[in-house]
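Notes for the one structure printed next.
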Amino acid sequence: MSISHALLGLLETGPRHGYDLKRTFDAKFGQDRPLHYGQVYSTMSRLLKNGLVEVEGIEPGEGPERKRYAITDAGITDVQQWLATPEKPEPYLQSTLYTKLVLALLTGRDGAALLDVQRAEHLRLMRELTRRKTEGDLADQLICDHALFHLEADLRWLETAAARLDKLAQEVRA
Amino acid sequence: MMSTGTVPAADPTADTGVLLSANGLRKTYGTTPALDGADFAIRPGEIVAVMGPSGSGKSTLLHCLAGIVPPDEGQVRYAGRELSALSDAERSALRRSDFGFVFQFGQLVPELTCLENAALPLRLAGTRRKEAEAQAARWLERLEVDDVRHHRPGQVSGGQGQRVAVARALAGMPRVVFADEPTGALDSHNGERVMQLLTEAARETQAAVVLVTHESRVAAYSDREIVVRDGRARDMSAMAGAV
Ligand SMILES: Nc1ncnc2c1ncn2[C@@H]1O[C@H](COP(=O)(O)OP(=O)(O)OP(=O)(O)O)[C@@H](O)[C@H]1O
Ligand SMILES: [Mg+2]
């Protein structure tokens, strides 16, 4: 995800200090991966340099977290462009799973066992996300659902591959 | 809660906390080997998903576990008793008193109202009508379908009917719920809601659930999974994190 666009978008709702930006980002989008303060400040100085934000005020004291940032007109245009541009769908053609499976078959290892272990690991994570989802609010639910649907797609691929394993083994060894 | 049938009472946790276990189960229909080896144990309160391709033997496994179909080989033990050692009458009494069932298309009795359907297992177990319907009504409420309690199954949506079927399975306070594709007829949102309500209720009453499903998002409500391939059932719980 574009962290700089997300931070810029948050600034469009009103000027904020660096630490406030980080807190809001973590609460809304951070989930498992909260931002480092360093990420926020390096992003902010880049946005400053590009004229997408400006410093609106500085509190007394030390350190960059004292700066209060505001979005500029150029910044708003940038957010608008980002939101209006569709994301490139990721086709995952270079799947690690596929590579591992083919290599297992090429080296005479047990492809079915590899798929089974992966399948169990996927379901384990799906259980964890499902638990989080049932305990969480709507935001948690939507975030977990997004991950769950992707994991489900992976799992279906694992099933498909398992069903065609013998044929795949013949082909890769031919 | 149970022992309303003629089955002799037994300590359900006699087998080191195991409630239901399969041992070397095999079943052949004609020349089709429907089930070719199943060994596992289920504890009270555990929710176990049974997954696998179509025709792999999931329903056959479920029917053997529930004592509906006798296996050709192997044993099913429930609460310390071997199912094949019971008479037919004892087995059906056990099914009524201790097991609850949910099937893909609900299988509600079309002539009865949803409330009467949900109360049916309790009625069959000898509970008086008023008490049975009062209990069933609480389960309909819990499954969020109390507004259709006086409708007949033909007058409710598929999703509502499925919730009534789950209420019916739970109303008898079963020790084991057997569910064969309980969300098969539902969209994913409704299916998950039914799973959430079913697993919540099961955890609360410490009922074990055997859940046949081909949907991983449904299986994700379970504690562990058994995968059936070509009739062979394998307990996958030891697999995750094995690499
Ligand atoms: N009563 C029966 N008589 C004859 N063959 C049967 C019977 N029940 C099941 N079979 C066969 O046994 C095999 C396993 O069937 P089963 O219904 O257990 O599969 P399943 O995994 O539940 O499939 P699905 O996902 O399609 O419901 C199949 O080949 C099926 O045709
Ligand atoms: Mg089936």
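The values are calculated or read from the model by the stated rules, or taken from the named source; none is laboratory data. The structure displayed is predicted, hence computed values, not measured ones. Cβ atoms come from the backbone with ideal geometry, glycine included; neighbour counts cover every protein chain shown.
What to note about this one:
- Of the residues screened, B:Glu192 is not one that is touching a helix residue (DSSP H, G or I) at 6+ places or on another chain (Cβ under 6 Å), acidic (Asp, Glu) and within 14 Å of chain A (Cβ to nearest Cβ).
- Residue-level analysis places A:Arg127 among those that are within 30 Å of A:Lys28 (Cα to Cα) and free of Cβ contacts under 8 Å to residues at least 12 places away in the same chain.
- One residue stands out in region A:38-59 among those that are of a type in the set (Gly, Ala, Ser) and in a helix (DSSP H, G or I): the one that is farthest from the chain's Cα centre (by Cα), namely A:Ser45.
- Unmet criterion (only one of (1) in a strand (DSSP E or B); (2) buried (at least 19 other Cβ atoms within 10 Å of the Cβ)) for B:Gly161: (1)
- The condition of being more than 11 Å from chain B (Cβ to nearest Cβ), at pLDDT 90 or above and in a helix (DSSP H, G or I) does not hold for A:Leu148.
- When the residues of region B:181-217 are filtered to those that are crowded, with 19+ Cβ neighbours inside 10 Å and under 11 Å from B:Gly159 (Cβ atoms), the one that is farthest from ligand 1 (Cβ to nearest atom) is B:Val194.
- Flag if B:Glu46 is within 14 Å of chain A (Cβ to nearest Cβ) and more than 16 Å from ligand 2 (Cβ to nearest atom): yes
- Scanning region B:128-147 for residues that are under 21 Å from the mean Cα position of the chain (by Cα) and closer than 18 Å to B:Met173 by Cβ yields B:Ala132, B:Gln135, B:Ala136, B:Ala137, B:Arg138, B:Trp139, B:Leu140, B:Glu141, B:Arg142, B:Leu143.
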